[in-house]
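Asker: Input: one structure, supplied below.
The values are calculated or read from the model by the stated rules, or taken from the named source; none is laboratory data. Please read all numbers here as calculations on a predicted model, not as lab measurements. We place every Cβ from the backbone using ideal geometry, glycine too, and count neighbours over all the protein chains shown. Accessible surface areas use protein heavy atoms only, side chains included; no ligands, DNA or RNA. Shrake-Rupley method; radii C 1.70, N 1.55, O 1.52, S 1.80 Å.
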Amino acid sequence: MRTHAVVDSPCGPLTLVAEGAALCGLYMVDQRHRPDELTFGSHDPGAEIFDRAETELKEYFAGQRQEFEVPLTFVGTPFQRSVWAQLREIPYGTTISYGQLADRLGNAGASRAVGLANGKNPIGIIVPCHRVVGSNGSLTGYGGGLDRKRYLLDFEQGALF
């Protein structure tokens, strides 16, 4: 059974979606690949999972947290789940290219497929798809919009403190 809550952030309102006691979605306003809100389940802002996620997000945006511990669950293909797992291994404040991410998955020629899976990441910010950039370091495709991607990268690199 899915439930959802909306929390404020410097990136605008974030819709948190849970399946049981684990977070399965974090979506921004106007996010590409944002599912229909009917799939988010009932509104339950007092659920423990949302309190925990909101606390960790507040700590992150206050510069007090670099890794998230909130329980997560993923719905996607095995390849997508492997990409999303690798995203969680990218250190705070760093970036890698789509090609480097494909290399980490053992498939150097899969950078396009990696990009597609990255774009469908259902748990933005917490699963840091914003840390993946073009091979020349350029900001390319971010479901939450390039302005938000730049904000998150600048924030993590200390440019906003």
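Asker: Put +1 on the Cβ of each Lys and Arg and -1 on the Cβ of each Asp and Glu in the stretch 30-79; which of H33, F61, L72 then has its Cα farthest toward the positive end of the dipole?
Answerer: Projecting each Cα onto the dipole axis, the largest value belongs to H33.
Asker: A further question follows. Gaussian network model of the chain, Cα springs within a sub-10 Å range: biggest mean-square fluctuation belongs to which of P13, P128, P78?
Answerer: P78
Asker: Using a Gaussian network model of the chain with C-alpha springs under 10 Å, which one of L38, L14, L116 is most mobile by mean-square fluctuation?
Answerer: L38
Asker: Still on this model: Under the rule of -39500 (n - 2.57) per DSSP H run of 4 or more residues, summed and divided by the residues of the chain, what mean residue ellipticity at 222 nm is obtained, to the nearest 500 deg cm²/dmol?
Answerer: -9500 deg cm²/dmol
Asker: Order the following by accessible area, largest value first: T3, T73. Probe radius 1.4 Å; ligands, DNA and RNA are ignored.
Answerer: Ranked from most to least accessible, the order is T73, T3.
Asker: Kindly sort M1, M28 by accessible area of their heavy atoms, largest first, with the probe set to 1.4 Å.
Answerer: I get M1, M28, largest accessible area first.
Asker: Specify the inter-centroid distance of the stretch 112-161 and the stretch 1-72, based on alpha-carbon positions, in whole Å.
Answerer: Taking the Cα centre of each part, the stretch 112-161 and the stretch 1-72 sit 18 Å apart.
Asker: Still on this structure, I have one more. With every protein chain kept in place and ligands, DNA and RNA left out, what is the accessible area per residue of the stretch 18-94? Probe 1.4 Å, answer in Å².
Answerer: Computed with neighbouring chains in place, this is 56 Å² per residue.
Asker: Sticking with this one: When the distances between all Cα atoms of the stretch 2-159 are binned every 10 Å from zero, what whole-number percent does each bin get?
Answerer: P(r) for the stretch 2-159, in whole percents per bin: 11, 43, 36, 10, 0.
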